[in-house]
Structures are given as C-alpha cells and as structure tokens.
Amino acid sequence: MTYRFKTELRYSDVTPKPLWLNRRQLISGAAAGIAVGVGGATMAPAITRNSRYSVTEEPTELDVITQYNNFYEFGTRKEDPSRNAHRLTTSPWEVKIDGMVAKPGTYSYEDIVGNATLEERIYRLRCVEAWSMVVPWVGFQLSDLIERVEPQSGAKYVAFETLYRPEEMNGQASRLLDWPYREGLRLDEAMHPLTLLATGLYGEDLPNQNGAPIRLVVPWKYGFKSIKSIVRISFVSDMPPTTWNMQAPREYGFYSNVNPMRSHPRWSQATERRVGDGLFAKRRETLMFNGYGDEVAGMYSDMDLMDNY
Ligand SMILES: Nc1nc2c(c(=O)[nH]1)N[C@H]1C(S)=C(S)[C@@H](COP(=O)(O)O)O[C@H]1N2
Ligand SMILES: [Mo]
C-alpha cells in the first residue's frame, strides 16, 4: 500500500486559506439560521472533517486542478473547460430527483446542500485515470441526500444527468456525445461513504470547469464516472445507460472500477501520470480500486472484475 489514512486531518493540511465554509454555503448557512456577524465575520459551525478517507499525499496545485480538465460540454481539449466554462450560469440551480423514491421533487441547490452544511466535510482524495491528481474536495456524502429522499425497495441503481444548455455549453453544439451526459451507480456504491457530492475544492465553491455547482466524486472509479453539473438524480430498478458505455461499450463498462490488471483496449491502465509532476517524471503504478480496496472491494467480492470492467 502506498497510501495511508490520516488519523486527523487539520484544515491547514488542505488549504492555506482560513475559510471554513465557501461563500455559497455561508449564504445557505445563514438561511438555515447560522449566526453570520456584521461585516462578514462568521461563527463557523462545527465542521466534520472526514479524516478517515483522506490520503496523506500532497494536493495537486489549484492551477492544475482548474486548467487540466475533461468536461466535453465545453470542448474536448484539456484546456477548453477553463476557457469556456465561465459562460455557465450556476445560480439558481435545481436538481430533479425522481424515480423510485418516497420524496421526489425539484430541489434547489440550497435544498440539496442545506442540511449537509453543518456536517460539511473536507476530503483529500485521489482521482485517477491515465493521469491523476489529489484534490482537496469540499463536499458531503451522497448517502446523506439519498437517506433524506427515501428510496423505495425496488430502487437498485441511481442515474445522474448533467445540464443540457447549449446556449451556455458550446460543446453541446456538436453531436460528439449523446447529450445530456449520463452516469450511474449501483445503490450500494451510491450509499458508500466514499461517494461524494462535491460542491467545492480548496475551501471554495467549485470552479465551473470542475463541475459547478455540484458534481459526483467516486474515488475508486475512473474519472468519467464523476459526473459534473448534475441536474437530475433518478432512482431506478435497472442498470441505467451511461454516456461512455453508450459511446464505446467495449472500452467503457458500467462499473469502471480502477483496475490496473485490465487494460483499456487502446492503452494499458497499469500506470498513471500524476499531473503536476512534470512530463518526464516517473509514472506511478496504479492501485486496484485506486488504493481504496480496503473500503470498497467487499462490494464486488462475487463479481469477476475482468468481465465487469
Ligand atoms: N458532464 C460531464 N461530466 C464529466 C465529464 C464530462 O465530459 N461531462 N468528464 C468526466 C471525465 S472523463 C473526467 S476525467 C472527470 C474530470 O474531472 P476534473 O476536470 O474535475 O478533473 O470529469 C468527468 N465528468
Ligand atoms: Mo476521464
């Protein structure tokens, strides 16, 4: 194992800025009755930092996290999202929750994150693909939201959709993908404490290019599972269609767990390049489940992970 959990992660480990909440959450916190003093001084609520799931590795620099992105709604080159995503209006924002759930509805961003604000968690997780990063996310467990909306017993999967708004998302003018971008998780994966809805990074609101105002983070899966700018969450009985699986089923499966043993048809997935390390730095060996095997392997113990890629 090349990573360890930290027993206690201090906020200063994550960000040099003494920001306990990001601006947007301060606003929703005020609405929820948290004292906000005059002149912007705040009484920060007790914040739970999720130290259990934090890696000890140095976070990737903010400039790298925000300028090397995949967000095809804004173009296909890594630098396109940072150039184009500023056009996206992220407030007001609504998320439709539907399907097999006791409390369906159209929830505002504030509804979604409001309850979670008091338990705001700060994570530092690795994201991996052919490249990798360590991102100090701000977010909360997707399970917090799922419990609030009460899935019915027939619900076995959770499907997610990104906004479709071609006026603001230049990439949607092309038929490159079958918009809206879609992803899905099995319900147990969605309920896992490592699965986050992220609303920020480095103690601030999410930059648009990273999926503002709310995106999924599934740290033991390849990057494309972590869908950005979510507007719909559906509870369904059958495995939902997902964008990259629809696009190239032999290359991208539903599960997409990080697995160094299973090569992508066009490239090996045994090693990764840590972005920010420099082009000539040694590639790192990719770990099964991105190093989170102790936490997540049990969910797949009866599955052949070479077939279920
Ligand atoms: N809506 C949407 N979500 C998306 C994507 C996308 O193109 N559209 N790209 C995915 C891919 S391939 C990756 S690697 C990650 C990148 O997240 P980051 O730019 O915050 O590092 O977002 C994922 N989520
Ligand atoms: Mo990706």
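Taking the criterion of being among the β-branched types (Val, Ile, Thr) and more than 12 Å from SER174 (Cβ to Cβ), the residues of segment 71-93 that qualify are THR89, THR90.
Looking at segment 52-60, can you tell me whether even one residue there is in a helix (DSSP H, G or I), within 16 Å of ligand 2 (Cβ to nearest atom) and either among the hydroxyl-bearing types (Ser, Thr, Tyr) or under 30 Å from GLU295 (Cβ atoms) (or both)? Taking every residue of segment 52-60 in turn, none turns out to be in a helix (DSSP H, G or I), within 16 Å of ligand 2 (Cβ to nearest atom) and either among the hydroxyl-bearing types (Ser, Thr, Tyr) or under 30 Å from GLU295 (Cβ atoms) (or both).
Every residue, every condition in (1) loosely packed, with under 14 Cβ neighbours inside 10 Å; (2) more than 23 Å from the chain's Cα centre (by Cα); (3) within 24 Å of MET191 (Cα to Cα); (4) of a type in the set (Phe, Trp, Tyr), yes or no:
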{"position": "SER263", "(1), (2), (3), (4)": "yes, yes, no, no"}
{"position": "GLN269", "(1), (2), (3), (4)": "no, no, no, no"}
{"position": "GLU272", "(1), (2), (3), (4)": "no, no, no, no"}
{"position": "LYS282", "(1), (2), (3), (4)": "yes, yes, no, no"}
{"position": "THR286", "(1), (2), (3), (4)": "no, no, no, no"}
{"position": "ASN290", "(1), (2), (3), (4)": "no, no, yes, no"}
{"position": "GLU295", "(1), (2), (3), (4)": "no, no, yes, no"}
{"position": "MET299", "(1), (2), (3), (4)": "no, no, yes, no"}
{"position": "ASP302", "(1), (2), (3), (4)": "yes, yes, yes, no"}
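Residue by residue, here is whether (1) under 18 Å from THR106 (Cα atoms); (2) more than 13 Å from ligand 1 (Cβ to nearest atom); (3) surrounded by 18 or more Cβ atoms within 10 Å (Cβ to Cβ); (4) of a type in the set (D, E, K, R) holds:
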| position | (1), (2), (3), (4) |
| --- | --- |
| PHE160 | yes, no, yes, no |
| ARG186 | no, yes, no, yes |
| VAL218 | no, no, yes, no |
| LYS225 | no, no, yes, yes |
| VAL231 | yes, no, no, no |
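Against the condition over 18 Å from the mean Cα position of the chain (by Cα), of a type in the set (Gly, Ala, Ser), away from ligand 1 (no atom under 13 Å from the Cβ) and over 29 Å from TYR252 (Cβ atoms), how does ALA102 come out, does it pass? For ALA102, the condition - over 18 Å from the mean Cα position of the chain (by Cα), of a type in the set (Gly, Ala, Ser), away from ligand 1 (no atom under 13 Å from the Cβ) and over 29 Å from TYR252 (Cβ atoms) - is met.
With the condition kept exactly as written, say whether any residue in segment 104-124 is touching a strand residue (DSSP E or B) at 6+ places or on another chain (Cβ under 7 Å), aromatic (Phe, Trp, Tyr) and at pLDDT 95 or above. Looking through segment 104-124, at least one residue is touching a strand residue (DSSP E or B) at 6+ places or on another chain (Cβ under 7 Å), aromatic (Phe, Trp, Tyr) and at pLDDT 95 or above. Filter segment 145-159 for residues that are over 18 Å from ARG232 (Cβ atoms) and either assigned to a strand (DSSP E or B) or among the charged types (D, E, K, R) (or both) and give the result. Once the filter is applied, which keeps residues that are over 18 Å from ARG232 (Cβ atoms) and either assigned to a strand (DSSP E or B) or among the charged types (D, E, K, R) (or both), segment 145-159 yields only GLU147. Within segment 164-184, the residues that satisfy the criterion of being touching a helix residue (DSSP H, G or I) at 6+ places or on another chain (Cβ under 8 Å) and away from ligand 2 (no atom under 16 Å from the Cβ) are TYR164, ARG165, PRO166, GLU168, MET169, ASN170, GLN172, ASP178, TRP179.
If the condition is being more than 25 Å from GLY154 (Cα to Cα) and in a strand (DSSP E or B), then segment 176-214 contributes ALA198, THR199, GLY200, LEU201, GLU204, ASP205. For segment 78-96, indicate whether the set of residues that are within 16 Å of ligand 2 (Cβ to nearest atom), more than 28 Å from LEU187 (Cβ to Cβ) and part of a loop (DSSP other than H, G, I, E, B) is non-empty. Looking for residues that are within 16 Å of ligand 2 (Cβ to nearest atom), more than 28 Å from LEU187 (Cβ to Cβ) and part of a loop (DSSP other than H, G, I, E, B), one finds at least one in segment 78-96, hence yes. In segment 192-199, the count of residues that are under 24 Å from GLY99 (Cα atoms) and near ligand 1 (Cβ under 8 Å from one of its atoms) is zero.
Considering only residues in segment 30-80 that are touching a strand residue (DSSP E or B) at 6+ places or on another chain (Cβ under 7 Å), over 20 Å from PRO136 (Cβ atoms) and of a type in the set (A, V, I, L, M), the one that is modelled with the lowest pLDDT turns out to be VAL36.
Could you check, for segment 272-294, whether at least one of its residues is within 16 Å of ligand 2 (Cβ to nearest atom), touching a residue at least 40 places away in the same chain (Cβ under 8 Å), more than 30 Å from ASP111 (Cβ to Cβ) and assigned to a loop (DSSP other than H, G, I, E, B)? Looking through segment 272-294, at least one residue is within 16 Å of ligand 2 (Cβ to nearest atom), touching a residue at least 40 places away in the same chain (Cβ under 8 Å), more than 30 Å from ASP111 (Cβ to Cβ) and assigned to a loop (DSSP other than H, G, I, E, B). The lone criterion from (1) modelled with pLDDT of 95 or more; (2) assigned to a loop (DSSP other than H, G, I, E, B); (3) over 25 Å from MET261 (Cβ atoms) left unmet by SER234 is number (2).
Whenever a residue of segment 62-80 is among the β-branched types (Val, Ile, Thr), its partners that are more than 14 Å from ligand 2 (Cβ to nearest atom) and assigned to a helix (DSSP H, G or I), lying with C-beta atoms within less than 7 angstrom and at least six residues away or across chains, give the pairs THR66/SER82.
The values are calculated or read from the model by the stated rules, or taken from the named source; none is laboratory data. Note that the structure is a prediction, hence the values are computed from the model and not measured. FYI the Cβ positions are ideal-geometry reconstructions off the backbone, even for glycines, and counts take in every protein chain you see.
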